[in-house]
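See below for the structure under consideration.
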Amino acid sequence: MRDDASTPPRWRPDTPDPIGDVESQHTSCRRGTSPTDRFVPVLALLSCTYVLFMTTSSPWAQAAAVAMHLATLVLAFQAARGTRVRRPVVLVVVVGAVVLVLANALLPAPAASGAMAALRAALQGMVLALVVARVVQHRVVTVQTLAGAVSAYLLIGLLFASLYGVAAWASPEDLFAQGGDEHVQALQYFSFTTLTTLGYGDLTAASYLVRGLATFEAVLGQIFLATLIARLVAAFQPRHTDRAGEAPDLGPAGR
């Protein structure tokens, strides 16, 4: 058979495929450019929940907050690209909605408030675990990564506020040494002043159980800021500094 220069060379199995190599390189570059999670909407919804409890502590606000946390759970799963909304999550949302309706319809106000605090704590814990698990997997730090980390920090404060609400409902004694003032606004205020270690002293825990929770929250908040948040901020690089098709060099802080 004549060897014609116009005839393309045959590809042999023992030689690398140049086209396949180029495609795999471009694919790996695209995968390493930036994370595809979208946590800015999650942060926006959590901020709305915080503002809602900052302005009112009425029963409708508590019900609305539970509904917003149900939406946050679904939104967090959708934000984590590659994590599908599976049947257990749908089941949790449906059961949570049913508990929300029944608690407001059948239970007296104090019991309904305690049930909704427990439901909020369960939902916040699930969202917190999901967001942190996704954020620590980001090899490239972007605005979405920082939004996820700030969302996790807000979730810690909201989660402990709900736990304080459960403790106030379950304990026959006053939650605070100053007495009274165990509504949602006071619980959220106490939680975030504890998380940020402000320690104003106008509200202090009465029982050793709540004191232990408050101490754990303060320690957890400082560890979170000193490790995850500080590491992500140090590794953050704006998108315009990236070279075309390449991930930014994060150095030791980003590995």
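The values are calculated or read from the model by the stated rules, or taken from the named source; none is laboratory data. Given the structure is predicted, the values throughout are model-derived calculations rather than measurements. As a convention, Cβ positions derive from the backbone with ideal geometry for all residues, glycine included, and neighbour counts pool all protein chains shown. SASA here: full protein model, heavy atoms, side chains in, ligands and nucleic acids out. Shrake-Rupley method; radii C 1.70, N 1.55, O 1.52, S 1.80 Å.
Below, the figures for the structure above:
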{"quantity": "Cα principal axis extents for segment 63-221, largest first, Å", "calculated": "48, 39, 20"}
{"quantity": "J(HN,Hα) series, segment 220-235, from Karplus relation 6.51 cos²θ - 1.76 cosθ + 1.60, nearest Hz, glycine and proline x", "calculated": "4, x, 5, 5, 4, 5, 6, 10, 5, 4, 4, 5, 5, 5, 5, 8"}
{"quantity": "Residue order for Arg139, Arg231 - accessible surface, 1.4 angstrom probe, largest first", "calculated": "Arg139, Arg231"}
{"quantity": "Amide H partners (placed H, <5 Å) of Ala205, local residues excluded", "calculated": "Ala177"}
{"quantity": "Contour excess over end-to-end distance, with Cα ends at Ala67 and Leu220 and 0.36 nm allotted per residue", "calculated": "52.4 nm"}
{"quantity": "Extension reserve of the Arg211-Leu91 stretch, reckoned as 0.36 nm per residue once the Cα distance is removed", "calculated": "39.8 nm"}
{"quantity": "Loop-resident sites, segment 137-209, for chymotrypsin sites (Phe, Trp or Tyr not before Pro), counting at most 15 other Cβ within 10 Å (DSSP)", "calculated": "Tyr200"}
{"quantity": "Two-site FRET efficiency, Thr197 against Asp174, from Cβ-Cβ distance with R₀ of 25 Å, rounded to 0.05", "calculated": "0.60"}
{"quantity": "Surface accessible to a 1.4 Å probe, Met126 within the full protein complex, Å²", "calculated": "70 Å²"}
